[in-house]
Structure formats: structure tokens, C-alpha cells
């Protein structure tokens, strides 16, 4: 009987190992932060009259449309659900503040300090977050469609299930950021830093990733159909089961990348470095392979090429 129980436990453990990890893992969030209520004491004497008026209106109503808050310090404040549509918060200090479910549509947050801020489910569509500090910020489920995040710092930020469709992330720092399940359709990630970022099942269809660093990033089952990855660094990246149909990868570095079961049908792979990449079960039918580099050192097993299936490296598996 004990043997049967042991066998059952082992089978359950194996099932969790092989199938449980396929789900998009939701990141754990820091629940230790506490917030204080916005009050008259937050209206400093050195603020100009427009800023003072805006703060009083916000305190009284929880809303302030097209208001000015330039340079204010509201760190650690509870601003949950506030409406600040089209307002100006440029260079403000909102570090560790709670902006959960806030309406920040078309708001100017350029160069704003949002370090460790909570922006879960906030509306930041078309907002200006250029050069903002969003280090370790929580943006889970937020709407950032068409937002400007150029040169923003999103190091270790939580962007789980966030909408970043057509957002501008030019030269943004997204290293070690959590982007699983995120919508990045047609987003501009040109020269962005996504080193060690997690993008499991993210939708990057038609995204511009030229010159982007995705070294050791996790792109398990991500959608990169027709994405532009020209000159991107994907060395050591995990791309198992990813969709790269029709993607542009000219000059990209895929050395030691995990490309098992990847769909590269019709992809452009000119001058791509495939040194020691694992192409087991990959589909490269109708792919453009002119001047591809180091393909002879890649693991080829049940790999479909334009000329048929190859199995030369199956013994390496």
C-alpha cells in the first residue's frame, strides 16, 4: 500500500512539473507597503498658487482634470481611484504611492518618480511617461496603450497582463521585468533592454524589437509573428514554442538560444548567428536562410527546413 501511495505522489509531482509550468505565472507582489491619506499638510508653502489650488480640489473631490501638479511631492500617499485626466505631474515625486485604478489618461508623468508605486489597473493610455522612474513599480493589468515610455526605467517592474499595444518603449530599461501575458502588439521596443525579462505568452505581434537586448529572456510560447528583431540579442533566450512566423531576424544573435518547437515558417534569418542554438522540432519551412551563420553547430533534430526534415543532431539530445 505504501508503495502505491509513493508511486501516486511521484506521478502527481511529475504532472505538476511538466504541465504546471506551462501556465503564465503571476508574480508575487510586495504587500508590506503602507500609505497615508492626502491632506492639507501636503500643500507646501513653496508650491505656486495653481498647484495649491489643484491639490485642494483633489483632496476635496478626488478628481482634478487638466490640473497642474508639477514638481509636487506625494510619495507614500494613497491616491487610489483618483481622476487626473490630462493633468501635468511632470517631475513629481510619487514614489511608493498608491495609484491603483487611477485615471491618468493623457497625463504628463514625464521624469516623474514612480519608484515602487502601485499602478495596478490604472488607466495610463496615451500618458507621457518618458524618462520616468518606474523601478519595481506594480503595473499589473494597467492600460498603457499608446503611452510614451521612451527611456523610462522599468527595472524589475511588474507588467503582468498589461496593455502596451502601440506603446513607445524606445530605449526603455525593462531588464528583469515581468511581462507575462502582456499585450505588446505593434509596440516600439527599439533598442530597449529586456535582459532576463519574463515574457511568457506575451503578444509581440508586429512589434519593433530592432537592436533590442533579450539575452536570457523567457519568451516561452510568446507571439512574435511578423515582429522586427533585426540585430536583436537573443543569446541564451528561452523561446520554446514561440511563434516567429514571418519575423525579421536579420543580423540577430541567437547563439545558445532555446528554439525547441519554434515556428519560424517564412522568417527572415539572413546573417543570424545560430551558434549552439537548439532547433529541435523547429519549423523553418519557407524561411529565408541566406548567409545564416553557425548553423552547423546548432542542435538539429526533427527540424523542418525548406528542403525537408533533418535529424543529424538527435544524438545530442
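The values are calculated or read from the model by the stated rules, or taken from the named source; none is laboratory data. Everything numeric here is computed off the predicted structure, so don't read it as measured data. Cβ: placed from backbone, ideal geometry, glycine included. Neighbour counts: every protein chain shown.
Observations, loosely collected:
- Verdict on residue 280 being surrounded by fewer than 24 Cβ atoms within 10 Å (Cβ to Cβ) and over 25 Å from residue 164 (Cβ atoms): yes
- Residue under evaluation residue 126, criteria (1) in contact with a helix residue (DSSP H, G or I) (Cβ under 9 Å, 6 or more places away or on another chain); (2) at positive phi, criterion not met: (1)
- Criterion (more than 18 Å from residue 241 (Cβ to Cβ) and either surrounded by fewer than 23 Cβ atoms within 10 Å (Cβ to Cβ) or free of Cβ contacts under 8 Å to residues at least 24 places away in the same chain (or both)) met by exactly one of 194, 204, 219, 229: 194
- For residue 84: the one exception among (1) surrounded by fewer than 23 Cβ atoms within 10 Å (Cβ to Cβ); (2) touching a strand residue (DSSP E or B) at 6+ places or on another chain (Cβ under 7 Å): (1)
- Residues of segment 140-158 that turn out to be closer than 10 Å to residue 179 by Cα and either in contact with a strand residue (DSSP E or B) (Cβ under 6 Å, 6 or more places away or on another chain) or in contact (Cβ under 8 Å) with a residue 60 or more places away in the chain (or both), as a count: 2
- Unique residue being over 21 Å from residue 217 (Cα atoms) and assigned to a helix (DSSP H, G or I) when the list is 315, 309, 286: 315
- You will find that of 110, 96, 86, 75, the residue that is part of a loop (DSSP other than H, G, I, E, B), modelled with pLDDT of 95 or more and closer than 16 Å to residue 139 by Cβ is 96 and no other.
- Just so you know, in segment 43-72 the residues that are in a loop (DSSP other than H, G, I, E, B) and over 32 Å from the mean Cα position of the chain (by Cα) include one that is surrounded by the most Cβ atoms within 10 Å (Cβ to Cβ), and it is 47.
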